[in-house]
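Since the structure comes first, as structure tokens, the remarks are kept for the end.
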Amino acid sequence: MPRIQSAVAATQAVKNIHKAQSNLAGSVRKISTGYRVNSAADDAAGLGMGSFMQAEAKSILQAMKNSNDGVSLLQTAEGAITEQTNMLVRMRELLIQAGNDVYGTDERRNMLTELKELRTEYSRIASVVNFNGKNLLNSIDSLSIQVGKDGNVDNKISIDLSKFNTTATTKGVANLESVFSRIDDGSVITTSDVALSAVDRLDPAITSLTSIRGDIGALQNRFSSTIAEASTQYESTVASQGRILDADYATESANMTKHQIMLQSSVASLAQAKNIPQSLLALIA
């Protein structure tokens, strides 16, 4: 039945235009942002999962940075201990030299001067070496490095700094305190026999430093494995997040073309719908 007041065809055309515009805007938004899910209206469940995975991915990245901080701390400690080991090796060389009776008082005085300088620098290194203000070689602290994305104890690696104590004290390197005390009072190379007896006390100290470096190396390898595992976990998490949130450009491009055509056809339909009431004038002309 022909009608003028209702204009049903025009109303339907306007409705289809609004729908096509909304769909087209959605496709443009997805293409321009790169995300399939831009709001909860797009996919509420997907948004929840994607947001959680995004939080996990960022946490894994930070955990990897924490692990690298742990490696840097250990490298700082090992570098200092390496130099301390070199000093003890040089001290041993001087003591072996002092074990030769061909050297007189003046030569022994020169040897003692170098031994005192080495002893002073060794103790200075043990006292001042730190990482971000935390002493490394004369501490009894234990540091926890967060290496995982969760807060439980299994996601932490502990570094016991007391095991890295290289000081010449009873709690530090074995037998080193007695050697240094003899260097301080000048008696360490008064005779060849005294010098050679100091060698016997210096050898366990060198062995102790080597053992500490071995412990540090083992921890570094552990951190390296942790970083490698976290990198794999990060890659998997980001891939999963992408499958949920990222837009498929091929699909969205096809959708956008379809919605553009629908909008154009709806606009054309509205133009035709507007002509229907006018054509009814012919009935009363």
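Here is how the numbers come out for the structure above:
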{"item": "Test: Ser211 is of a type outside the set (Phe, Trp, Tyr), under 22 Å from the mean Cα position of the chain (by Cα) and surrounded by fewer than 16 Cβ atoms within 10 Å (Cβ to Cβ)", "result": "no"}
{"item": "Residue count, the stretch 194-229 (criterion: in contact (Cβ under 8 Å) with a residue 60 or more places away in the chain and either in contact with a Lys or Arg (Cβ under 8 Å, 6 or more places away or on another chain) or not hydrophobic (A, V, I, L, M, F, W, C) (or both))", "result": "13"}
{"item": "Residue within the stretch 28-37 that is among the polar types (S, T, N, Q) and either crowded, with 19+ Cβ neighbours inside 10 Å or not in a helix (DSSP H, G or I) (or both) present", "result": "no"}
{"item": "Cβ pairs under 9 Å, 6+ apart, first in the stretch 44-65 and within 13 Å of Val147 (Cα to Cα), second surrounded by fewer than 15 Cβ atoms within 10 Å (Cβ to Cβ) and hydroxyl-bearing (Ser, Thr, Tyr)", "result": "Ile60/Ser231; Met64/Ser231"}
{"item": "Looking only at the stretch 19-43, and only at residues there that are of a type in the set (A, V, I, L, M) and without any contact (Cβ under 8 Å) to a residue 60 or more places away in the chain, the one that is farthest from Leu245 (Cα to Cα)", "result": "Ala25"}
{"item": "Among the candidates Lys149, Lys156, Lys171, residue that is under 28 Å from the mean Cα position of the chain (by Cα) and either surrounded by fewer than 17 Cβ atoms within 10 Å (Cβ to Cβ) or at pLDDT 95 or above (or both)", "result": "Lys156"}
{"item": "Close pairs (6 angstrom Cβ cut-off, 6 or more residues apart or separate chains): under 13 Å from Thr210 (Cα atoms) in the stretch 73-85, assigned to a helix (DSSP H, G or I) and among the hydroxyl-bearing types (Ser, Thr, Tyr) anywhere", "result": "Gln84/Tyr122"}
{"item": "Set Ala41, Ala55, Ala98, Ala45: member being under 30 Å from Asn132 (Cα atoms) and either at pLDDT 75 or above or open to solvent by 60 Å² or more (accessible area, probe 1.4 Å) (or both)", "result": "Ala55"}
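Matching residues to (1) under 18 Å from Phe164 (Cα atoms); (2) in a helix (DSSP H, G or I); (3) of a type outside the set (Ser, Thr, Tyr):
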{"residue": "Ser67", "(1), (2), (3)": "no, yes, no"}
{"residue": "Leu73", "(1), (2), (3)": "yes, yes, yes"}
{"residue": "Val89", "(1), (2), (3)": "no, yes, yes"}
{"residue": "Arg92", "(1), (2), (3)": "no, yes, yes"}
{"residue": "Tyr103", "(1), (2), (3)": "no, no, no"}
{"residue": "Arg108", "(1), (2), (3)": "no, yes, yes"}
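The values are calculated or read from the model by the stated rules, or taken from the named source; none is laboratory data. Please read all numbers here as calculations on a predicted model, not as lab measurements. We place every Cβ from the backbone using ideal geometry, glycine too, and count neighbours over all the protein chains shown. Heads up: the accessible areas ignore ligands, DNA and RNA and are worked out on the full protein's heavy atoms, side chains in. Shrake-Rupley method; radii C 1.70, N 1.55, O 1.52, S 1.80 Å.
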